[in-house]
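The values are calculated or read from the model by the stated rules, or taken from the named source; none is laboratory data. Note that this is a predicted model, so its numbers are computed, not measured. Neighbour counts are summed over all protein chains in view; Cβ atoms, including those assigned to glycine, are modelled from backbone coordinates with ideal geometry. In case anyone asks, the SASA skips ligands and DNA or RNA and just uses the protein heavy atoms, side chains included. Shrake-Rupley method; radii C 1.70, N 1.55, O 1.52, S 1.80 Å.
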Amino acid sequence: MASALSDIVVRQARTQDLPALVALFAADALGGHGDTIDPEAFPDYVRAFAAIEASPDQALYVAEWGGEVVGTFQTMLTTTLTGRGSSAMIIEAVQARADMRGQGIGARMIEFAIAEAKGRGVRLVQLTSNAIRKDAHRFYERLGFKPSHLGFKMALK
């Protein structure tokens, strides 16, 4: 691509971005989320997109470079009684297109998310990363994140 990194635009995802987003997730060999570009699965993504878009506490973003979607992430706000009723922003589903990794796209997306959190008066930004993604762990630590908790999951389907 001929564009400079300063030309990366981070914006809220639109419905027309869904094919690029689905392809990005389906290409993730490490994720293991079962994402697919099979057209029969597309209505599942449309339903999820509508739910995210309708929520005042969630946002789905894309990083666009040269008119192409080259990355994505989602944010969720959660308010708890701990921390004197403060809010935290969870950053989830961070993905840069495989052929674009190492270009600063991930850093630009995370910087954007942190700025959004600060603008909303959030006390804490947190994320989880698959235990096998050692490169991602180094990336997040380079951006100032500290490994502090051990996470657990339980698949229900």
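Taking each residue of segment 65-89 that is free of Cβ contacts under 8 Å to residues at least 24 places away in the same chain and looking for partners that are part of a strand (DSSP E or B) and surrounded by fewer than 16 Cβ atoms within 10 Å (Cβ to Cβ) with beta-carbon atoms closer than 6 Å, six or more apart or interchain, yields Gln74/Glu92; Met76/Gln58. When Pro43 is tested against (1) out of contact with any strand residue (DSSP E or B) (no Cβ under 7 Å at 6 or more places or on another chain); (2) under 24 Å from Ile132 (Cβ atoms), exactly one condition is not met: (2).
Of everything in segment 113-157 that is among the aliphatic types (A, V, I, L, M) and modelled with pLDDT under 90, the residue that is least open to solvent (accessible area, probe 1.4 Å) is Ala136. With respect to the conditions (1) of a type outside the set (Ser, Thr, Tyr); (2) in contact (Cβ under 8 Å) with a residue 24 or more places away in the chain; (3) under 18 Å from Arg101 (Cβ atoms), Phe49 falls short on a single one, namely (3). Residues in segment 14-35 that are within 21 Å of Arg108 (Cα to Cα) and in contact with a Ser or Thr (Cβ under 7 Å, 6 or more places away or on another chain): 2 in all. Checking each residue in segment 14-32 for being acidic (Asp, Glu) and part of a helix (DSSP H, G or I) picks out only Asp17. Which ones in segment 33-73 are in a strand (DSSP E or B), crowded, with 18+ Cβ neighbours inside 10 Å and in contact with a helix residue (DSSP H, G or I) (Cβ under 8 Å, 6 or more places away or on another chain)? Within segment 33-73, Ala59, Leu60, Tyr61, Val62, Ala63, Trp65, Val69, Val70, Gly71, Thr72, Phe73 meet the criteria. Does segment 31-47 include one or more residues that are modelled with pLDDT of 95 or more and among the β-branched types (Val, Ile, Thr)? So far as segment 31-47 goes, yes, one or more of its residues are modelled with pLDDT of 95 or more and among the β-branched types (Val, Ile, Thr).
A single member of Ala59, Ala20 is more than 27 Å from Ala88 (Cα to Cα), modelled with pLDDT of 95 or more and not charged (D, E, K, R), and it is Ala20. Arg11 is checked against (1) assigned to a strand (DSSP E or B); (2) among the basic types (Lys, Arg); (3) under 17 Å from Leu127 (Cβ atoms) and fails just one. What number does that condition carry? With (1) assigned to a strand (DSSP E or B); (2) among the basic types (Lys, Arg); (3) under 17 Å from Leu127 (Cβ atoms) applied to Arg11, the lone miss is (3).
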